[in-house]
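These notes are about the structure you will find just below.
The values are calculated or read from the model by the stated rules, or taken from the named source; none is laboratory data. All values reported here derive from a predicted model rather than from experimental measurement. Reconstructed Cβ throughout: ideal geometry from the backbone, glycine too, with neighbour counts over all protein chains shown. Areas reflect the complete protein model, heavy atoms only, side chains present, ligands, DNA and RNA absent. Shrake-Rupley method; radii C 1.70, N 1.55, O 1.52, S 1.80 Å.
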Amino acid sequence: MKSFALAIIISTMGGVMAERLLACGHHLVNSQNHPWTQSEIARAACGRSDTCNGEEWNTLFEVLPMSSGPSSWVEIKSTGVYCHKGCWGDIDKYNGQCH
């Protein structure tokens with residue numbers, strides 16, 4: 001019975017840890033905590049460092065801890081979702097989403 005309860009606790013913790021941290025491109029550029037540049041979010045969104053016709057600003061990015069380096073380092077990965085009507089959310093909560 002104890003091992004069953006432990007399995008439930010571990011699976012619940014795994015669900016919390018697997019939560020996706022999402023941010024809008026414009027939040028990533030303007031954030032005080034993780035100031036990326038427009039060319040960095042464009043490279044992540046469309047593979048070019050100049051621009052994605054401005055779509056990088058309203059693209060959703062997943063924010064991931066880096067596998068090496070200080071624990072405060074993070075990297076971004078495009079989700080492939082462009083928000084046609086704009087992107088919003090609280091950068092401190094990483095809950096970016098489309099309007």
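A few points about this structure:
- Scope region 45-69; condition open to solvent by less than 80 Å² (accessible area, probe 1.4 Å), within 13 Å of the chain's Cα centre (by Cα) and farther than 21 Å from His99 by Cβ; matching residues: Leu64, Met66
- Evaluation of Ile41 against (1) among the β-branched types (Val, Ile, Thr); (2) modelled with pLDDT under 95; (3) touching a Gly at 6+ places or on another chain (Cβ under 9 Å) (one fails), failing number: (2)
- Candidate set from region 5-37 (those that are closer than 22 Å to Gly54 by Cα and open to solvent by 70 Å² or more (accessible area, probe 1.4 Å)); member that is modelled with the highest pLDDT: Asn30
- Residues that are touching a Leu at 6+ places or on another chain (Cβ under 6 Å) and either modelled with pLDDT under 90 or not polar (S, T, N, Q) (or both) do occur in region 78-93.
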